[in-house]
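One structure is given below, encoded as structure tokens.
The values are calculated or read from the model by the stated rules, or taken from the named source; none is laboratory data. The shown structure was predicted, so the numbers you read here are calculated from the model rather than taken from an experiment. Note that we place each Cβ from the backbone using ideal geometry, even for glycine, and neighbour counts take in every protein chain shown.
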Amino acid sequence: FSKQLGELVKSFDEKTKSLQEQLEKSAKDNRTEQANSLKSFEESFTQNVKEFNNLQKQKFDDLLNKQEQIKKDTEDRLKEIRETVESKLKTLQEDNNRKLEEMRKVVDEKLQESVEKRFNESFKLISERLELVHKGLGEMQSLASGVGDLKKVLTNVKTRGNLGEIQLGAILEQILSPEQYEQNATVKKGSQERVEYVIKLPGKDNDNKSLLLPIDSKFPNEDYQRLLEVYDNIANLTPEAVKLATNQFENSVKKNARDIKDKYINPPVTTDFAIMFVPTEGLYAEILRRTGLFEVLQRDFKITVVGPTNLVAFLSSLQMGFKTLAIEKRSSEVWEILSAVKTSFGKFGEVLAKTRKKLNEAANVIEDAEKKSKTIERKLRTVQELPQEEANALLGEAIEVEQDNEQTDNDDI
């Protein structure tokens, strides 16, 4: 066995050595083949790179040639376009110049025609205006004569009074209805004096008549014109002359106020004051300008002076005040009615309480009757029912008695 084992080991060593030699030979052949393959690949790769570089260079050269050709073609096209545009622009410029020249000629012709037309129209308009001015001068001369006639009218006391009355009536007609004022009214029984206008204010007296507010127009024109002349020549006048003119004006106004007070103020038919209407704003402003004159007229004569401008506002505020008083008077009457309603409403509450009590009693009686009815029904379940006719004949009297009792209960409620 040892001998066989030795031979086996020897054979194994020989095979191993032979295998190792084969492996080394095979590895050497592989390295040689790999080196040859790498060398062949390197030569092939180098050749391919060289060919690629040559091909790329050729392509770049072709591209440069094409770019140069495109550049040249583009320059030629741009040159042609530029020449075409310049030609078109030159043609357009010539056309524009020609059209502008034609337009200038047309505008010059139209302008010349328009200037001549406007000049003729202006000349015609100036002629018409001059004619109107000439006509206006004639009208002003007529107006000057009319002013002279008006001055003559104003010098007449009666005519001047009528003028103030007409102006006052026109203002009242615009702001009041015909039922709110009266013309030429008598405010004192048995007197022949008539006030120009009275305003019917809210509020009734014991005879169910409206309270009247007297309004009378006054126009102390002579004293006012004299005062204006003094103002115009005040530098040439003495203080005594100025004072004399102002005193005459104040006395004239006070005299008119006294006449209105004595003739037309008659409480309770009228208010305890009256209104003096002056027809011009200048006259009204002069009365206000005199120190203390307006207050004296109100305090001593119960007269309030108004002009054309503030008459409307004064009457409106006055009517509003009297309406407020009437509303206050009516409010007391309404309060009394509400007190009576409150008393009656208290009695009505008592009646409601009694009615509620009766209704509760009736409900209790109905509830007891319903209970008794159910009790009777339970007890009558075993009783045989009669025909309807016999039941009506037997219970007719009982039903009538029950209806009489129900009617009596309703009357009590």
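Checking the structure you have, find out if any residue of the range 296-319 is free of Cβ contacts under 8 Å to residues at least 40 places away in the same chain, in contact with a helix residue (DSSP H, G or I) (Cβ under 7 Å, 6 or more places away or on another chain) and assigned to a helix (DSSP H, G or I).
No: the range 296-319 contains no residue that is free of Cβ contacts under 8 Å to residues at least 40 places away in the same chain, in contact with a helix residue (DSSP H, G or I) (Cβ under 7 Å, 6 or more places away or on another chain) and assigned to a helix (DSSP H, G or I).
Only one of (1) modelled with pLDDT of 75 or more; (2) closer than 30 Å to S252 by Cβ; (3) not polar (S, T, N, Q) fails for L154. Which number is that?
(1)
I want to confirm something. Restricting to the range 283-314 and keeping residues that are at pLDDT 90 or above and small (G, A, S), which single residue is surrounded by the fewest Cβ atoms within 10 Å (Cβ to Cβ)?
Per the criteria, the residue is G292.
Among the listed residues L8, L55, which satisfies the condition of being surrounded by 10 or more Cβ atoms within 10 Å (Cβ to Cβ), more than 60 Å from the chain's Cα centre (by Cα) and modelled with pLDDT under 85? Step through it out loud before you land on a result.
Details: L55 fails: modelled with pLDDT under 85.
When all the criteria are applied, what remains is L8.
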